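Q: Handing you this structure, nothing more for now.
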Amino acid sequence: MLRYTPPPGWPPVSPESLTFTREDETKSVTLSLAPPATDSLKPGAYEARANVVGSDGRRRDGGLEIIDYPHIRPRAVARASVAQIRAARLALPALSRVGYVRGAADRVPEALLAVGVPLALLDADSLAHGDLSRYDAIVIGSRAYETEPALAANNSRLLEYARNGGLLIVQYQQYPFVDGGYAPYPLHIARPHDRVTDENAPVTELDPAHPVFHYPNEITPGDWRGWVQERGLYFAHDWDSTYVPLLETHDPGPPNPSPELRGGLLLAPLGRGTYVYTGLSFFRQLPVGVPGAYRLFVNLLGLKRTNVP
């Protein structure tokens, strides 16, 4: 028997029968878990658990994961059957359609779809021949200029889309992006690249009045808590004066703090539109459900609604 334990205060979930006829048999079970009424659901992290009660009456709360690589002996690691659920208040800007070019090992599209962003993946044919003007924003995934040849080949079409009033958001890229001159104005990435490895590093808004910090979500100090692994990587190191830096962050140390880094979020007017380069590690934060990262990212998607050039 498969039993579920929802978070406290959530509606109960009925147990399910589960039987196996072979030792090597596997089965998948889909669970529908409903939260409590919206007005009583507080922002925060919740846990849902599952356990199995066997025919012998013993309860098993997890499973074994086998770690097996050529350079080590196989090892079984016990993992609890726990799913973490995050609840957060998130306002979406008025969006009809967002285009997305998937990057390397990129799960951001699925994360955005899960919260209601009307997103469509752009394939090679769309990049080469599609009507880009139909998109409220176009987002380029991390390292996509390396992994999607059609993106590099049709970069001029994307820049023209922005010049005609579009919003083009480019997530972190590596040196081929700079070497290829794909940005509309010069920017450079240091070697080794500027990176903030402390996920709790302080973040300063360089222009607190900028709409990106206010529409449609008010960005507060709490939105920088709970990030995972890092703040960002492949920040721009120097850039044309057309770009406007909006954030400063740095590894605080000890033993030695890193220099102040302002190249993690750059905005630039481009014709009648807007160009964004960001080294913030949204590709890590969104798939694991970091609320502040979601709130800031959808604010970027809403820049067109704030009349930011």
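Q: Among the trypsin sites (Lys or Arg not before Pro) in segment 1-104, which ones are in a DSSP loop with at most 15 other Cβ atoms within 10 Å of the Cβ? Mind listing them?
A: Values: sites: Arg3, Arg22, Lys27, Arg49, Arg58, Arg59, Arg60, Arg75, Arg79, Arg86, Arg89, Arg97, Arg102; in loops: Arg22, Lys27, Arg58, Arg89, Arg97, Arg102.
Here the trypsin sites (Lys or Arg not before Pro) that fit, given the DSSP loop and packing criteria, are Arg22, Lys27, Arg58, Arg89, Arg97.
Q: Another one. Charges at C-beta only: +1 for Lys and Arg, -1 for Asp and Glu. How large is the resulting dipole of segment 1-155 about its Cα centre, in Debye rounded to 20? Provide the component values of the computation, followed by the final result.
A: Working: 18 positive and 18 negative charges, 135 e Å.
In total the dipole reaches around 640 debye.
Q: Just subtract the alpha-carbon distance of Asn256 and Thr147 from 0.36 nm times their residue separation and send over the number in nm, one decimal. Write down the numbers at each step before the final one.
A: Numbers: separation 109, 0.36 × 109 = 39.24 nm, distance 3.57 nm.
Roughly 35.7 nm would be gained on extension.
Q: Normalised by the number of residues in segment 98-253, what is the relative contact order in percent for Cα pairs under 8 Å and 6+ residues apart? If you can, show how the numbers build up before the last one.
A: Numbers: 226 pairs, mean separation 34.3, N = 156.
Here the relative contact order equals 22 percent.
Q: Report, in debye and to the nearest 20, how large the dipole of the chain comes out about its Cα centre when Lys and Arg carry +1 and Asp and Glu carry -1 on their Cβ. Mind dumping the intermediate values first?
A: Details: 30 positive and 33 negative charges, 140 e Å.
With Lys and Arg at +1 and Asp and Glu at -1, about 680 debye.
Q: Of the beta bridges DSSP finds with both residues in segment 20-150, what % are antiparallel, to the nearest 5? Write out the running numbers ahead of the final one.
A: Numbers: 14 of 21 bridges.
Of all bridge pairs located within segment 20-150, approximately 65 percent are antiparallel.
Q: Let me ask something else. At 1.4 Å probe radius, can you tell me the per residue accessible area of segment 56-161 in Å²?
A: On a per-residue basis, segment 56-161 sits at 58 Å².
Q: Right, something else. Around Leu280, what is the net charge, scoring Lys/Arg as +1 and Asp/Glu as -1 over all other residues with Cβ under 14 Å from its Cβ?
A: Details: positive: Arg195, Arg231, Arg262, Arg284, Arg295; negative: Asp194, Asp198, Glu199, Glu205, Asp223, Glu230, Glu248.
After counting each charged neighbour, the total is -2.
Q: Now a separate question. For every other residue with a beta carbon closer than 9 angstrom to the beta carbon of Leu233, add +1 if it is Lys or Arg and -1 if Asp or Glu, then tell me the sum.
A: On the way: positive: Arg195, Arg231; negative: Asp194, Glu230.
That works out to 0.
Q: Over the chain, what relative contact order in percent results from Cα pairs under 8 Å that are six or more residues apart? List each step's numbers first, then the result.
A: Details: 604 pairs, mean separation 49.6, N = 309.
16 percent.
Q: Tell me which of Asn256, Ile219, Leu246 sits at the most positive position along the dipole axis of segment 208-259, charges placed on C-beta atoms (Lys, Arg +1; Asp, Glu -1).
A: Ile219
Q: Taking 8 Å as the Cα distance limit and 6 or more residues as the minimum spacing, I'd like the relative contact order of segment 184-272 as a percentage.
A: Working: 149 pairs, mean separation 33.9, N = 89.
In percent, rounded to a whole number, it is 38.
Q: Restricting to the chain, compute how many DSSP beta bridges are antiparallel as a %, nearest 5.
A: Values: 36 of 51 bridges.
Here the antiparallel bridges make up roughly 70 percent for the chain.
Q: Another question, if that's okay. About its Cα centre, how strong a charge dipole does segment 172-219 have in debye, to the nearest 20, once Lys and Arg get +1 and Asp and Glu get -1 at the Cβ? Don't skip to the answer; put the middle values down first.
A: Numbers: 2 positive and 7 negative charges, 49 e Å.
Charge dipole of segment 172-219: 240 debye, to the nearest 20.
Q: If you find the alpha carbon centre of segment 158-197 and of segment 266-286, how far apart are they in angstrom?
A: What the calculation gives is 9 Å, centre to centre.
Q: Of all accessible surface on the chain at a 1.4 Å probe, what whole percent is carbon and sulfur? Intermediate results must be reported in sequence, preceding the final value.
A: Values: 8180 of 16170 Å².
Answer for the chain is 51 percent, counting heavy atoms of protein chains only.
Q: If you take the charge dipole of the chain about its Cα centre, with +1 on Lys and Arg Cβ and -1 on Asp and Glu Cβ, which of Ser28, Pro15, Pro149 is farthest toward its positive end?
A: Working it through, the farthest residue towards the positive pole turns out to be Pro15.
Q: Please express the Cα-Cα pair-distance distribution P(r) of the chain as a list of whole percents, one per 10 Å bin, running from 0 to the bin with the greatest distance.
A: In order of increasing distance, the bins hold 5, 23, 29, 21, 15, 6, 1, 0 percent.
Q: Taking the Cβ of Pro149 as the center, what net charge do the other residues with Cβ under 15 Å away carry, scoring Lys and Arg +1 and Asp and Glu -1? If you can, show how the numbers build up before the last one.
A: Values: positive: Arg102, Arg143, Arg157; negative: Asp123, Asp125, Glu146, Glu148.
Local charge sum for Pro149: -1.
Q: First check a/c for segment 1-95, with a ≥ b ≥ c the square roots of the eigenvalues of its C-alpha gyration tensor; if it is under 1.5, answer rounded, and if not, answer prolate when a/b is larger than b/c or oblate otherwise.
A: Values: a/c = 2.53, a/b = 1.52, b/c = 1.66.
It comes out oblate by the Cα gyration axes.
The values are calculated or read from the model by the stated rules, or taken from the named source; none is laboratory data. Note that the coordinates shown come from a computational prediction; the quantities given were computed from them, not determined experimentally. With ideal geometry, Cβ positions are generated from the backbone for all residues, glycine too; neighbour counts draw on all protein chains shown. When the accessible area is computed, the model is the full protein with side chains, heavy atoms only, and any ligands, DNA or RNA have been set aside. Shrake-Rupley method; radii C 1.70, N 1.55, O 1.52, S 1.80 Å.
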